[in-house]
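What follows is a set of notes on a single structure, which appears directly below.
The values are calculated or read from the model by the stated rules, or taken from the named source; none is laboratory data. Values in this document were obtained by computation on a predicted structure and should not be read as measured data. Positions of Cβ are generated from backbone atoms using ideal geometry, with glycine treated the same way; all protein chains shown enter the neighbour counts. Protein only, heavy atoms only, side chains kept; ligands, DNA and RNA dropped before computing areas. Shrake-Rupley method; radii C 1.70, N 1.55, O 1.52, S 1.80 Å.
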Amino acid sequence: MDGKRTYQLKCNTCDESEQVKIDPEHLRSWQNGELIQTAMPYLNVSQRELLISGLCGTCFDKIFAGVQ
């Protein structure tokens, strides 16, 4: 057993959802200030963004298109 639990994450904009497996200890580390990419390097960029902002990768790209 790898210790990971399945979490259902839902985009706040389009309501698309994704199941993501995360080790609860890694989640706590991130919540306590560790950088998300350090705490959970096994998640892809879109999954990490969904945790951080509640936006899926597609909605994030649409909202921030052209912003530099």
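Looking at this structure, is ASN32 open to solvent by 80 Å² or more (accessible area, probe 1.4 Å), at pLDDT 95 or above, in contact with a Cys (Cβ under 9 Å, 6 or more places away or on another chain) and not small (Gly, Ala, Ser)?
no
So how many residues does the stretch 18-29 have that are acidic (Asp, Glu) and surrounded by 14 or more Cβ atoms within 10 Å (Cβ to Cβ)?
So the answer is 2.
May I ask you to list pairs of residues, at least six apart or on different chains, whose Cβ atoms are under 9 Å apart, with the first in the stretch 57-68 being free of Cβ contacts under 8 Å to residues at least 12 places away in the same chain and the second being hydroxyl-bearing (Ser, Thr, Tyr) and surrounded by 12 or more Cβ atoms within 10 Å (Cβ to Cβ)?
Once the first residue is free of Cβ contacts under 8 Å to residues at least 12 places away in the same chain and sits in the stretch 57-68, its partners that are hydroxyl-bearing (Ser, Thr, Tyr) and surrounded by 12 or more Cβ atoms within 10 Å (Cβ to Cβ) give LYS62/THR13.
Restricted to the stretch 42-54, and to residues that are in a loop (DSSP other than H, G, I, E, B), touching a helix residue (DSSP H, G or I) at 6+ places or on another chain (Cβ under 9 Å) and of a type outside the set (Ser, Thr, Tyr), which residue is surrounded by the fewest Cβ atoms within 10 Å (Cβ to Cβ)?
First, the residues of the stretch 42-54 that are in a loop (DSSP other than H, G, I, E, B): 42-44, 54.
Going one step further and asking which of them are touching a helix residue (DSSP H, G or I) at 6+ places or on another chain (Cβ under 9 Å), we end up with 42-44.
The next check asks that each one be of a type outside the set (Ser, Thr, Tyr); those that pass are 43-44.
Numbers: LEU43: 18, ASN44: 12.
The qualifying residue surrounded by the fewest Cβ atoms within 10 Å (Cβ to Cβ) is ASN44.
Please give the number of the condition GLY33 fails out of (1) part of a strand (DSSP E or B); (2) on the phi > 0 side of the Ramachandran plot.
(1)
Among the candidates ASP15, ASP61, ASP2, which residue alone is at positive phi and open to solvent by 80 Å² or more (accessible area, probe 1.4 Å)?
ASP15
Right, LEU9: touching a Ser or Thr at 6+ places or on another chain (Cβ under 7 Å), open to solvent by less than 100 Å² (accessible area, probe 1.4 Å) and in a loop (DSSP other than H, G, I, E, B) or not?
In short, no.
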